[in-house]
Amino acid sequence: AASFYADGSGAGSVLGGWTVTSESVDHIGNIDPPPLGGLAIDMAGDWPGTIEQTLTTDVGQQYQVIFSLTGNFSGGVEALKELRVSAAGQSVDFSIAEPSGWDWVNSALWEQHSFTFTASDTSTALSFASLNSDAWGAIIADVRVVEVPQAVSTILNNDSTLSYDAATGKFYRYVTDWETWPDAQTAAMAASLNGVSGQLVNIESAYENDVVWTLHEGGPWAVWLGGSDADVEG
């Protein structure tokens with residue numbers, strides 16, 4: 001791992017398009033590769049650090065920050081690895097506990113997460129900051145920033161029950177009213193958005209599975225998805 005420091009000592013303060021703005025981070029390559037490949041950043045180098053990049057943005061435009069997350073569970077005293085993602089005066093905190101079967105080299109068990117912000121200026125500072133207190137922090141990779149279409153923003157502003165993910169290009173509504181799959185399927189198909197019928201969620205990637213899991217987290221133990229063996233058993 002190469003360490004990067006905010007004061008410019010060691011390997012330097014600039015890491016690609018990112019600047020280390022507090023303490024230090026580690027640029028690591030000997031980890032189970034992130035979903036999109038490449039290297040990763042342990043947000044706590046010698047000390048918990050912060051990285052920042054300035055984006056060119058449009059005022060009033062929504063953007064979604066998508067990233068892969070795991071943690072350095074090889075040491076430290078804190079069971080949760082935590083970080084804060086911030087942009088345009090908005091921030092969300094994320095945490096990850098050691099998943100069963102985690103292994104630094106062979107199975108980092110990456111999770112996919114996202115954060116949506118609305119730009120208030122033509123340039124926006126996007127930052128990731130460690131919330132841990134020691135040198136074993138959250139690890140991030142695959143950071144992408146996707147513009148949310150204005151039509152989507154209008155729909156979301158008019159319906160607080162909906163969420164949208166720019167990486168999947170889908171709207172989601174989490175509903176807890178239906179006890180059976182047929183009832184859930186009927187209700188989903190009866191719903192509509194701008195004249196388009198709804199459907200039970202169809203999970204098409206590991207990333208989307210994480211999106212759905214995040215929506216459901218803390219809800220009932222069962223989730224009805226858009227698949228059934230009612231026609232052909234098994």
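When the solvent-accessible surface of protein heavy atoms is calculated with a 1.4 angstrom probe, in what order do Phe4, Phe171 fall, highest first? Present the calculation step by step, with values, prior to reporting the outcome.
On the way: Phe4 25, Phe171 65 Å².
Order by accessible area, largest first: Phe171, Phe4.
Sticking with the crude label model, points 7 Å out along Cα→Cβ, report the distance from Asp7 to Glu147 in nm, one decimal please.
4.2
How much length is gained on full extension from Asp183 to Ser205, taking 0.36 nm per residue of separation minus their Cα-Cα distance?
Values: separation 22, 0.36 × 22 = 7.92 nm, distance 2.54 nm.
Working it through step by step, the gained length comes to 5.4 nm.
Could you state the accessible area per residue of segment 85-234 in Å², with a 1.4 Å probe and every protein chain left in place? Please list the in-between numbers first.
Details: 8690 Å² over 150 residues.
Using a 1.4 Å probe on heavy atoms only, each residue of segment 85-234 averages 58 Å².
Apply the Karplus curve 6.51 cos²θ - 1.76 cosθ + 1.60, θ = phi - 60°, to the phi angles in segment 131-143 and return the couplings in whole Hz, x for Gly and Pro.
10, 7, 10, 10, 8, 10, x, 5, 10, 10, 7, 6, 6
Calculate the all-directions average of the projected area of segment 130-234's alpha-carbon convex hull, and give it in nm². Before the final figure, lay out the partial values.
On the way: hull surface 39.8 nm².
Over all viewing directions, segment 130-234 projects a mean Cα-hull area of 10.0 nm².
As I understand it, the value is the acute angle between the Cα axis of helix 206-216 and the longest principal axis of the Cα atoms of the chain; what does it come to in degrees, rounded to 10?
70
Assuming 0.36 nm per residue, please report the length gained on full extension of the stretch Glu217 to Ser123 beyond their Cα-Cα distance. Could the numbers behind the result be given before it?
Details: separation 94, 0.36 × 94 = 33.84 nm, distance 3.40 nm.
Roughly 30.4 nm would be gained on extension.
Can you tell me the orientation of helix 181-190 relative to the chain, as the angle in degrees between its alpha-carbon axis and the longest Cα principal axis, to the nearest 10?
With rounding to tens, the tilt is 90 degrees.
With the contact rule set at Cα under 8 Å and sequence spacing of 6 or more, what percent relative contact order holds for segment 81-234? Write down the numbers at each step before the final one.
Values: 139 pairs, mean separation 28.4, N = 154.
Taking the mean separation of contacting Cα pairs over the length of segment 81-234, I get 18 percent.
Work out the FRET efficiency for Trp104 and Asp46 from their Cβ-Cβ distance, taking R0 = 22 Å, and round it to the nearest 0.05. Before the final figure, lay out each step's value.
Working: r = 18 Å, r/R0 = 0.84.
Result of the calculation: an efficiency of 0.75.
What list of ³J(HN,Hα) values in whole Hz, one per residue of segment 102-111 in order, does the Karplus curve 6.51 cos²θ - 1.76 cosθ + 1.60 (θ = phi - 60°) give from phi, with Gly and Pro shown as x?
Each residue's phi maps through the Karplus curve to give 4, 8, 3, 8, 9, 7, 6, 6, 4, 10 Hz.
Take Ala97 and Ala191, extend 7 Å from each Cα along the Cα→Cβ direction, and tell me the distance between the two endpoints in nm.
Output for this residue pair reads 2.9 nm.
List the residues, sorted by chain then number, that are 5 or more residues from Ala44 or on another chain and whose placed amide H is less than 5 Å from its amide H.
Under 5 Å from the amide H of Ala44 lie the amide H atoms of Asp26, Gly49, Gly137, Ala138, each far enough along the sequence or on another chain.
Taking all protein chains together and a probe of 1.4 Å, list Tyr63, Tyr164 from the most accessible to the least accessible. All intermediate terms of the calculation are to be shown ahead of the outcome.
Numbers: Tyr63 20, Tyr164 45 Å².
These residues rank, largest area first, as Tyr164, Tyr63.
Quick one: grab the alpha carbon gyration tensor of segment 18-167, order the square roots of its eigenvalues as a ≥ b ≥ c, and give me rounded if a/c is under 1.5, else prolate or oblate depending on whether a/b is larger than b/c. It would help to have the intermediate numbers written out before the result.
Numbers: a/c = 2.15, a/b = 1.67, b/c = 1.29.
Cα axes put segment 18-167 in the prolate bin.
The values are calculated or read from the model by the stated rules, or taken from the named source; none is laboratory data. Being a predicted model, the structure only gives us computed values, none of them experimental. Positions of Cβ are generated from backbone atoms using ideal geometry, with glycine treated the same way; all protein chains shown enter the neighbour counts. Keep in mind that these areas ignore ligands, DNA and RNA; they rest on the heavy atoms of the full protein, side chains included. Shrake-Rupley method; radii C 1.70, N 1.55, O 1.52, S 1.80 Å.
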